[in-house]
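What follows is a short report on a single structure.
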Amino acid sequence: LIAAVTVWALLVPEAMAYATMAGLPPEVGLYAAPFALLGYALFGTSKQLVVGPSSTVAAMSLVVVGLFADPGSAEFIALSAALAILIGILFVFSGIFKLGFLADFMSRPVLSGLVVGIAITIAIGQFDKMFGYPVEEGGFLQEIFYFFRDIRMIHWVTLFLSLVSLAILFTLEEINKKIPAALIVVVLGIGVSTLLNLEEKGVHVVGEIPAGLPKLGLPEGLRLSDIIRLLPGAIGILLVAFAESLAAARSYASKYNYEVDANQEMIGLGVANVGSGMSQGFVVDGSLSRTAAADQAGQKTQLASIINAGLVLVTAAFLTPLFESLPDAVLGAIVFHAVFHLIQFKEFRRLYYLRKADFWTASIALLGVLFMGILAGLGLAVLLSFLALLARASRPSTAILGRLQGEAGGVYGNIRHFPTAETIPGLVIYRFDQQLFFANAPRFRDSLRVAIRQAEQPVKAVLVDSEAISDIDSTATDMLSELVHELVQNDIVICFARVRAEIFTLMERAGLVENIGNENFFHSIRAGVDSYLDSYAIAEGPGSVGEEE
């Protein structure tokens, strides 16, 4: 009960704020929450995750629906609800068909850049509420330019109210994160606005909010053509919503030592979004900030979300008149405060020192959102994730192995890392550290050719350590067939060691075992080396050739 009340204190003002961010009336945020909370509570697998309106998906919903209707219009409200239902259905079917693994295809650096870019976009989008004058719409740089061009239009009372609200939010957060700072700011904002009659002084307020429960059912006037138009954007939002939600769910599952099922999470989020859309709400996902607040308040099961849903319904039915004097500046400050914590440039510094390739992919994702828009930036981010995956898979590490001196029984290691490792005259021991498929097959062939050319003595045989080769496709088997033919023409024998049984079967089907010779497949590197030494009557160097590591 305590956890439910704590989250309710955060959820009510944030849901109203995020609804305005999505181009919808404030009460729509209250409509979106109850059935989203119930849907996830019944079908999700996280004990702590709190589902509801969030800044990221609200901003993306605005972009997607804004392509087809004017924000705030009846058509816009209906399409926003339809988008939630569509995403919910896609989530449910993805879960049923076990597509939860798709969350792992968006790398953490790309997701970091995407979230920071969206957070900056959202923060700038609050300037009109916080400074009290409209900022002309445009791209990122255009909006910055328009903001400073018209800065003399600042409404100073509105700006002062925004700054005071932000000061209270950040201060209370520093004192104790369990304090419902957003609710306190809302109550103070309403009180000051009412006492000083700020609306007459030019401060924009929320205005009349209809009291009552949401109307259940499909959005009015919904057509099949609307669903088709919304589909590309829905897929994009689904990827981001799932990645954010699953990251939060896994974080707390790890903390409390239990498992979350990615596929069942998709179904839970799907039912939550269908519930939100059927109650005339908008897209929802897992909220990391509210989940953290719920955990700190002691939430142990989703019963807290069920209680919270009831509290929000009571708010929508009876308490909305209390919010009519709420200044827009306060809502803008709440949203700004929420997304401020998502702008984590220290993560970019960490990536720069850890792995520069990850730093650049995160940076490109960030710049893509800022300069191309959220949807285009999302598409770029997904593309970057797949390109990064393909780049890594296409350029796996390779090694030439030698026997390490002084190791009992003999241990083989990469001669780049162990310069004193002994190589065997005329034999190249080659290791390939990746599954072998179309994208990296040329690297296997080319790096082996280089190793043969750079050998100190003419090469008589090649021994491929295949332990790390976990899969092989037809392109790779064709490449190996050509390579075997090329080596045979140059009087070089190719052998394989530690080939997995399933890989051997594939090589047998492709005719490779027949071409290479069954006698040239060995269970260990030692067996391959011994066979080579026996075949060419080569004396061993100092020490004996033994087991590999």
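The values are calculated or read from the model by the stated rules, or taken from the named source; none is laboratory data. Quick caveat: nothing in here was measured; it's all calculated off a predicted structure. Neighbour counts run over all protein chains shown; Cβ positions are idealised from the backbone, glycine included. In case anyone asks, the SASA skips ligands and DNA or RNA and just uses the protein heavy atoms, side chains included. Shrake-Rupley method; radii C 1.70, N 1.55, O 1.52, S 1.80 Å.
What does the net charge come to around L62 if you take all other residues with beta carbon closer than 13 Å to its beta carbon, with K and R at +1 and D and E at -1? Let's see the in-between values first.
Values: positive: none; negative: D70, E137.
Counting the neighbours of L62, the net charge comes to -2.
Counting only other residues whose beta carbon sits under 9 Å from that of L436, what net charge do I get with K and R as +1, D and E as -1?
On the way: positive: none; negative: D471, D473.
Net charge in that neighbourhood comes out at -2.
Mind listing the Cα extents of segment 382-503 along all three principal axes, in Å, largest one first?
Principal extents (Cα only, largest first): 48, 34, 29 Å.
Round to a whole number: what % of the accessible area of segment 111-242 belongs to carbon and sulfur, probe 1.4 Å?
Summing carbon and sulfur atoms, their accessible area is 68 percent of the total for segment 111-242.
In percent, how large is the relative contact order of the chain, given Cα pairs closer than 8 Å and 6 or more residues apart? Mind dumping the intermediate values first?
Numbers: 999 pairs, mean separation 124.4, N = 549.
Normalised by residue count, the contact order of the chain is 23 percent.
Mind checking the per residue accessible area of segment 392-533 for me, 1.4 Å probe, whole number of Å²?
Working: 7040 Å² over 142 residues.
Accessible area per residue, segment 392-533: 50 Å².
Take the solvent-accessible surface of the protein heavy atoms, probe 1.4 Å, and return the percent of it on segment 1-66 that carbon and sulfur atoms account for. Write down the numbers at each step before the final one.
On the way: 1060 of 1410 Å².
After summing per-atom areas, the C and S share lands at 75 percent.
With a ≥ b ≥ c taken as the square roots of the eigenvalues of the C-alpha gyration tensor of segment 110-219, please select rounded if a/c is under 1.5 and otherwise prolate if a/b is larger than b/c or oblate if it is not?
Details: a/c = 1.25, a/b = 1.14, b/c = 1.10.
Rounded.
For segment 1-156, calculate the relative contact order in percent as a whole number, restricting contacts to Cα pairs under 8 Å that are 6 or more residues apart. Please list the in-between numbers first.
On the way: 106 pairs, mean separation 24.6, N = 156.
It comes to 16 percent, rounded to a whole number.
Putting +1 on Lys and Arg Cβ atoms and -1 on Asp and Glu Cβ atoms, find which of W156, L216, Q299 reaches farthest to the positive end of the dipole of the chain.
Farthest along the dipole direction, towards plus: W156.
Restricting to the chain, compute how many DSSP beta bridges are antiparallel as a %, nearest 5.
Working: 12 of 25 bridges.
Taking every DSSP beta bridge with both residues in the chain, the antiparallel ones total about 50 percent.
Where does helix 140-149 land angle-wise versus the long Cα axis of the chain, in degrees 0 to 90, nearest 10?
That helix lies at roughly 40 degrees to the long axis.
Kindly provide the helix-only [θ] at 222 nm of the chain, computed as the sum of -39,500 (n - 2.57) over DSSP H runs of four or more divided by all residues, to the nearest 500 deg cm²/dmol?
Details: 22 runs with 328 residues, N = 549.
Helix contribution divided over all residues of the chain: -19500 deg cm²/dmol.
For segment 268-423, what % of the accessible area comes from carbon and sulfur atoms, probe 1.4 Å? Numbers along the way, then the final one.
Details: 4630 of 6740 Å².
Result for segment 268-423: 69 percent of the exposed heavy-atom area is carbon or sulfur.
Name the residues whose placed amide hydrogens come within less than 5 Å of the amide hydrogen of F282, ignoring near sequence neighbours (fewer than 5 apart) on the same chain.
Sorted by chain and number, the residues that satisfy this are A32.
Under the 0.36 nm per residue contour assumption, what length would be gained going from the current alpha-carbon distance of A167 and D471 to full extension? Spell out each step's value before the answer.
Values: separation 304, 0.36 × 304 = 109.44 nm, distance 5.70 nm.
Result: 103.7 nm gained on full extension.
Under unit Cβ charges (Lys, Arg +1; Asp, Glu -1), what dipole magnitude, rounded to 20 debye, does segment 307-455 have relative to its Cα centre?
Working: 14 positive and 8 negative charges, 183 e Å.
Its charge dipole is roughly 880 debye.
Suppose all protein chains stay in the model; what accessible area per residue would a 1.4 Å probe give for segment 1-86, in Å²?
Numbers: 2160 Å² over 86 residues.
Normalised by residue count, the accessible surface of segment 1-86 is 25 Å².
Considering the dipole of the chain built from charges on the beta carbon (Lys and Arg +1, Asp and Glu -1) around the Cα centre, which of V284, L389, V312 is farthest to its positive end?
Towards the positive end, the residue furthest out is V312.
Excluding residues fewer than 8 places away in the same chain, name every one of the lysines whose C-alpha is closer than 27 Å to that of K346.
Partners found: K177, K178, K255, K356.
Name the residues whose placed amide hydrogens come within less than 5 Å of the amide hydrogen of V464, ignoring near sequence neighbours (fewer than 5 apart) on the same chain.
So V464 has HN proximity to Y430, C495, F496, A497.
Rolling a 1.4 Å sphere over the protein heavy atoms, what is the accessible area per residue of segment 197-248, to the nearest Å²?
Working: 2790 Å² over 52 residues.
Counting only protein heavy atoms, the per-residue value for segment 197-248 is 54 Å².
Report, ordered by chain and residue number, the aspartates and glutamates lying within cross-link reach of K129, taken as a straight Cα distance under 20 Å and ignoring same-chain residues fewer than 8 apart.
Those aspartates and glutamates meeting the cut-off are E14, E27, D70, E137, E143, D150, E199, E200, E208, E324, D328.
Starting with the highest mean, order 75-84, 294-303, 333-342, 142-151 by the number of other Cβ atoms within 10 Å, averaged over the residues of each peptide. Display every interim value, and only then the final one.
Working: 75-84: 24.5, 294-303: 17.8, 333-342: 22.4, 142-151: 13.7.
Put in order of decreasing packing, that is 75-84, 333-342, 294-303, 142-151.
Helix 26-43 versus the longest principal axis of the chain: what is the Cα-based angle in degrees, 0 to 90, to the nearest 10?
It is inclined by approximately 40 degrees.
Roughly how many nanometres apart are two label points built 7 Å out from the Cα toward the Cβ at E482 and F318?
Computed distance between label sites E482 and F318 equals 7.7 nm.
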